Structure formats: structure tokens, C-alpha cells
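**Q** Handing you this structure, nothing more for now.
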Amino acid sequence: MIGLGLPRGFLVTLKNFMRPAVTEQYPDRHVGLIGAARDAGMNPFQFLVKKPGDSLKAIAGLATVPVAVKQSSRFRGNEFTFFEDRCTACASCAKYCPLGIIEIVSIPGKIDAQEGESYKLEVFDIDIGRCMFCGLCVEACPYDALHMGTSFERSKYVRDELIITKEELNAAPKRPSSFYRPQFEENAFDPFKETIDDYHDAGRHERPSDEDLKKKWVDER
Amino acid sequence: MAIRTQPVTVNLGPQHPSTHGVFRMRVMFDGEEIVDVEPIFGYLHRGSEKLAEERTYTQIVTLTDRMDYVSSMLNNQAYILAVEKLAGIEPVPRGVWLRMIASELQRVASHLVATGFLLQDLGALGTPLIYAMRERENILDMFEMLCGARITNSYLRPGGVFMDAPDEFWPALDRGLDDIIQTIDELEEYLSGNELVFSRTKGTAVITPEQLINASITGPMLRASGVDWDLRHRAPYDYYDRITFERKLHTASDNYARYWVRVQEVRESVKIIRQCVEQIEPGPVRPSFDDVPRLIRPPAGDAYVAIEGSKGELGFYLVSDGGIAPYRMHVRASSLINLTLLRDMLIGGQFGDLFVTFGSVDLNMGEVDR
Ligand code: SF4
Ligand code: SF4
């Protein structure tokens, strides 16, 4: 009916006005006294006594606590997780990348190579300033050495600092995303709470037994 | 005594908040009336079609995300269907169901954005847009569960999708669908009976079905003029032939009709997703690498596949010379073709209706310029 549309619309607005807010604050959230005390791990009275300055700030509404953004464990973030011990320098990842931003230099096999030293990774640089986090490199890695990371805060002032090297990758905390790595989902691995320290745990397969290898490579041929 | 006025030419855009991207219009006004419009585009051209010529078939999926960036999944789907036709790949059932669910969710998200921004252009600053965006946010969260990204999904692979949906996806989907219906009800209660919306949108920018067909315009714009044309029904791809849904038609072909058709299509999409969820069965989500290797070499030839995108017929034309990358890729971008009638729709209208009409066409400059 003409004339009723507007009030009905305002009723909807009013209803939504009463609903809890869906906006998420980032990177900090303003808290009152109780929130600030909980963040410091105390009850409000202790907090008042022990940290009067902070309490005043909290009462005035100026205290902030950092917010953990809700992320899925498949999140394709930057800071790739890399296990050098798993990597064979096969360069599948570099070939599969649509932008060609992974640089791999490996020391080629020597004639008198000892066991385990034939291919050694010398350079493994990812220019994440140009990366689009498509995950194709991770999909291509046959040995589960490269995984997507889960963080996303990596702003820098200079583009060069966005090139992450092998050393940086090795030193970073290993919080791989479960993107294209179903084994993490099966083990209910939570990258936002735990890290993977042993490179064996990052793998998809058990090492095949000698019989399996023989069956695959000898008997079936 | 009539006031003597002189026509004035005004440049709108490219950096104008209401042009939904970098789009420029040279508009000639006579007083409040629009005398001439010249759309000028190309500011967002990234050469995707050319870039595709030096990428392998799997790598191109990442390029298609960036064409129409509010409906990446639909772009993925159209492209992957073209690759499958070109290379003769048989998709696996669960992969197909998953990508239908994903693309219908994306259609909902895209229509919500279109509706929200149309109302924003009408002057309903903020409120309806926020309601629409709140729901879209839920959908993007579901996409993050599926594929780890929110906008540039790259979820589909030739033959299926790259990874099965996680366990937490299904309850989230169920809840999300209820929320979508609730939001649409709210939006309709809020706006569909609103006299202000009526007076601004009804009877503005009317265009006849003949004109639309002659300009080969498809999608919600065509359905708002009463032409029953939906590729999901006319030329079913994937498993749309196992799904029943209604095509919502409106006959007024004005701005309100286009808005109405989009809102109703969201409801239909929700029904489609529910049917997909009922029919999905366990199994692999992509063919094994023995059947579909990572490096696909389709035989020489060409293939064109069109799907019902969120804005109209979205088609990919691929030519292969037998190599690992396509010889040529062409995209039938629905936004670009829908843009062609903008001039006819606007001439004779009022200045105030310009951006409303622009919003109701639902353009995405990423797709227009590619
Ligand atoms: S995520 Fe994509 S763009 Fe980034 S390094 Fe890997 S393949 Fe290349
Ligand atoms: S990270 Fe994986 S794909 Fe890349 S070189 Fe190492 S083993 Fe090969």
C-alpha cells in the first residue's frame, strides 16, 4: 500500500540496529576495563591495583588489544613454509609458477658424488612482491617441501625486502596452511596454534617399502 | 517563457566512485536531460587474452579470476568447461557438483553486490549495501574454507576442483543459505515496497526486448524484459539438467525490473545449491594425473563454451595448435556487451537516473577491459 513502504523499511533498519555488530576490528580492538584485564591475565580488581595507569586508560576507552583474524586453515597466505630437508631441487614449483618468480639454483651432481649430496639447493628465492598466492607451486611440489603460509602481514617499504630467501624460509616458524595438503586436515593440524618442527610430519606419504617399489618399478614393467 | 539552455559536455570518470571501476563517460546535458553519452573504456586493460597465450592451461585459471573479480568462480567454470571440451576431458562427478555449488554461491555474491551498489547509487547510502555485503562476507568465508582465497579463487581445475570441501564447509553452507534467504527477505521488505525506490526506478531507462536481442545482450537484463533465456536451462552444462529451477521473468524492462530479477535469482540459486547438496556423492574431486596430466596438450582445434554468468552469457573461446598453451583465447565478456546499449538507455533520461541505470546494468570494468 502506498505510504507504508517507508515505515516498513525503517522497521527493518531498527531490527538490524538491535542485532549484534558483525564488523570486525583490525588490527586492534578497543576494550573496557574487563577486556583489558582479561588480556593481561588478571581479574579487574588486581588489574586496577597493579596497573592503575592502564586501568584508567581502559576506563576511558583507550585501551586496545590485538585481534586474531578468523582464518580458515586452508588460507593461502604469504611466508611460504619450506622444509629444505624434503626438497630435492626438482624445480617443479618454479616451472609451474605462472609468473616465474621462484628462483632455484642447485649444485649439479658431481661425478664422484657421495650419497645424499648429488643435488644441493643453493638458492631458493621467492619474490612474493609479485606473487599472487595462487598456490600452483605448492600443488606442483611432489615432495611436500613447499607449503603455503598462513600469515598475511608482510608490508614493507622496499620491494627488494619482499624477496624471501632460503635462509629466511628456514628460519621462519613452520605454520603451513592445509591448502592442497589433506594430511594436515586429517591430523587436525591447526596452523594458528601449532608449528611443525620435524620435517617428517609434513609429508603426505609413508616412505614406500622396498616391496612396493619393486612391484611398481620392476614387476609391473 | 522557456529558459534557453545550452548543451554542456561533462566528463564523468574515470576516477568516479559511482562508475564501479575505472570507466569514463562523456555526457552531453541539456539542462537536466541527457542528450548524448559516449562510453570510453580501456583503463583497466591488462591484456589477459594475450597473457594467456604464453601460459599453460592450468595456469590460465589464475588469469580468469581477475577478469570479473566479483564472480571469479563463474569465470573459472566457463574457462574450465572450454578446456574440457577442447581436450576431451571427462570431469568427475563430485568435482562437478562442487563447482556447481561454488559457482552458484558466486552468483549469489555477485547479485548481492549488484543490488547493494544499485541501491547505493540510488542514494540509499550505506544501509542496504552493508546488508548485502554482510551476506557476501559469509559467502567469501565459505570460499576461504574451500580454496583458501576469498576473491581470486582459482578453485577449479580441468576435470573438477583441486581439493574436496572440508568438513566444516557443509554446516557453514547450510547456515549461510538460510542467512541469504533472510537477508533477501529483509532487502525486499526494506526496498521492494518502498515508494522512493519505485519512483526512482520504475519506468526509467526502458528498453525493448528487440533492442536487447539485437545487441545480443543476455543475462538478468534480458530476463527483465520478459525473454526467457537462461543458458542453464536452454543449453545445460555441467549437471544443470538434473536440477529444477524457475526462471524469473519481469516484463517492464526498466531499472526496477532488473533489480527485481536479480533478487529473485538469488532465491533460485539458493534452491539450486540445496539440490546440489542433496545429490552430491562421495568420490574423487579431480581425475587422476594419469588421465589429466598437469601439462595438458589438447589436440589442434578450437572450442567455445558459454555459461550463464552472473551478468549474462560468459563464453570462452580457445584455439589450440597442439601445444601446451592456447594459440588464442577470446572471452565473450558479458559486461562489455551489456555496455553497448547504455547510450540508448540513457538518452532522453534525467541526469539523476544516469548512475542508477549504470548500476542496474551491473558492469564490472575488470571484465569489460580484461
Ligand atoms: S603462489 Fe602462485 S604466483 Fe606465488 S610463487 Fe607460487 S605459483 Fe608463483
Ligand atoms: S620445493 Fe618442491 S617442487 Fe620446489 S624444488 Fe623443492 S621439491 Fe621441487
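**Q** Would it be correct to say that A:L213 is at pLDDT 75 or above and over 12 Å from the mean Cα position of the chain (by Cα)?
**A** Judged against the criteria, A:L213 is not a match.
**Q** For the range B:230-253, check the following and say yes or no: at least one residue is surrounded by 20 or more Cβ atoms within 10 Å (Cβ to Cβ), acidic (D, E) and in contact with a strand residue (DSSP E or B) (Cβ under 7 Å, 6 or more places away or on another chain).
**A** Yes, there is a match, as at least one residue in the range B:230-253 is surrounded by 20 or more Cβ atoms within 10 Å (Cβ to Cβ), acidic (D, E) and in contact with a strand residue (DSSP E or B) (Cβ under 7 Å, 6 or more places away or on another chain).
**Q** So, one more: So, in the range A:175-187, of the ones that are closer than 18 Å to A:E139 by Cα and either of a type in the set (S, T, Y) or assigned to a loop (DSSP other than H, G, I, E, B) (or both), which residue ends up nearest to the other protein chains (Cβ to nearest Cβ)?
**A** A:F179
**Q** Right, something else. For the range A:45-94, which positions are closer than 21 Å to A:T23 by Cα, surrounded by fewer than 21 Cβ atoms within 10 Å (Cβ to Cβ) and within 14 Å of another protein chain (Cβ to nearest Cβ)?
**A** Selection gives A:V69, A:K70, A:Q71.
**Q** Please state which one of B:S216, B:S225, B:S269, B:S253 is more than 14 Å from every other protein chain (Cβ to nearest Cβ), modelled with pLDDT under 85 and more than 30 Å from B:T56 (Cβ to Cβ).
**A** B:S253
**Q** Continuing with this model, one more query. So which helices (runs of 4 or more DSSP H) stay within the range B:18-131 end to end and still have 2 or more residues that are β-branched (V, I, T) and within 23 Å of B:R286 (Cβ to Cβ)?
**A** Correct list: B:60-65, B:72-87, B:93-122.
**Q** State yes or no: is B:L191 facing another protein chain (nearest Cβ under 8 Å), under 23 Å from A:G135 (Cα atoms), part of a helix (DSSP H, G or I) and touching a residue at least 12 places away in the same chain (Cβ under 8 Å)?
**A** So B:L191 does not fit the description; no.
**Q** Which residue is nearest to ligand 1 (Cβ to nearest atom), if the candidates are limited to the range A:62-86 and must be in a loop (DSSP other than H, G, I, E, B) and touching a strand residue (DSSP E or B) at 6+ places or on another chain (Cβ under 6 Å)?
**A** A:R76
**Q** Checking B:L118 against (1) over 24 Å from B:Y237 (Cα atoms); (2) within 12 Å of chain A (Cβ to nearest Cβ); (3) buried (at least 24 other Cβ atoms within 10 Å of the Cβ), which test does it fail?
**A** Of everything listed in (1) over 24 Å from B:Y237 (Cα atoms); (2) within 12 Å of chain A (Cβ to nearest Cβ); (3) buried (at least 24 other Cβ atoms within 10 Å of the Cβ), B:L118 misses just condition (2).
**Q** Same structure again: Within the range A:101-155, take every residue that is surrounded by fewer than 16 Cβ atoms within 10 Å (Cβ to Cβ) and at pLDDT 85 or above and give me the one that is farthest from ligand 2 (Cβ to nearest atom).
**A** Out of the qualifying residues, it is A:R130.
**Q** For the range B:170-188, what are the residues that are surrounded by fewer than 20 Cβ atoms within 10 Å (Cβ to Cβ) and within 9 Å of chain A (Cβ to nearest Cβ)?
**A** B:E186
**Q** Could you grab me the full set of residues in the range B:69-80 that are crowded, with 24+ Cβ neighbours inside 10 Å and farther than 11 Å from B:V331 by Cα?
**A** B:S71, B:S72, B:M73, B:L74, B:N76, B:Q77, B:I80
**Q** Something else: Applying the selection to the range B:268-293, what residues are surrounded by fewer than 18 Cβ atoms within 10 Å (Cβ to Cβ) and in a loop (DSSP other than H, G, I, E, B)?
**A** Of everything in the range B:268-293, those that are surrounded by fewer than 18 Cβ atoms within 10 Å (Cβ to Cβ) and in a loop (DSSP other than H, G, I, E, B) turn out to be B:E281, B:P282, B:G283, B:P284, B:S288, B:F289, B:D290, B:D291, B:P293.
**Q** Right, something else. Looking at the range A:9-22, is at least one residue of a type in the set (K, R), outside any helix (DSSP H, G or I) and either at pLDDT 80 or above or loosely packed, with under 10 Cβ neighbours inside 10 Å (or both)?
**A** yes
**Q** Shifting gears a bit: Which residue pairs have Cβ atoms closer than 9 Å, lie 6 or more positions apart in sequence or on different chains, and pair a first residue in the range A:65-76 that is without any contact (Cβ under 8 Å) to a residue 60 or more places away in the chain with a second residue that is of a type in the set (G, A, S) and buried (at least 23 other Cβ atoms within 10 Å of the Cβ)?
**A** Once the first residue is without any contact (Cβ under 8 Å) to a residue 60 or more places away in the chain and sits in the range A:65-76, its partners that are of a type in the set (G, A, S) and buried (at least 23 other Cβ atoms within 10 Å of the Cβ) give A:V65/A:A36; A:S72/A:S177; A:S72/A:S178; A:S72/B:G148.
**Q** Hey, among B:F41, B:F23, B:F29, which residue is over 24 Å from the mean Cα position of the chain (by Cα), crowded, with 17+ Cβ neighbours inside 10 Å, touching a residue at least 40 places away in the same chain (Cβ under 8 Å) and more than 14 Å from every other protein chain (Cβ to nearest Cβ)?
**A** Going through B:F41, B:F23, B:F29 in turn, just one is over 24 Å from the mean Cα position of the chain (by Cα), crowded, with 17+ Cβ neighbours inside 10 Å, touching a residue at least 40 places away in the same chain (Cβ under 8 Å) and more than 14 Å from every other protein chain (Cβ to nearest Cβ): B:F29.
**Q** Anything in the range A:131-151 that is more than 7 Å from ligand 1 (Cβ to nearest atom) and of a type outside the set (A, V, I, L, M, F, W, C)? List them, or say none.
**A** A:E139, A:P142, A:Y143, A:D144, A:H147, A:G149, A:T150, A:S151
The values are calculated or read from the model by the stated rules, or taken from the named source; none is laboratory data. Because the structure is predicted, anything quoted here is derived from the model rather than measured. Every residue, glycine among them, receives a Cβ derived from its backbone with ideal geometry; neighbour counts consider all protein chains shown.
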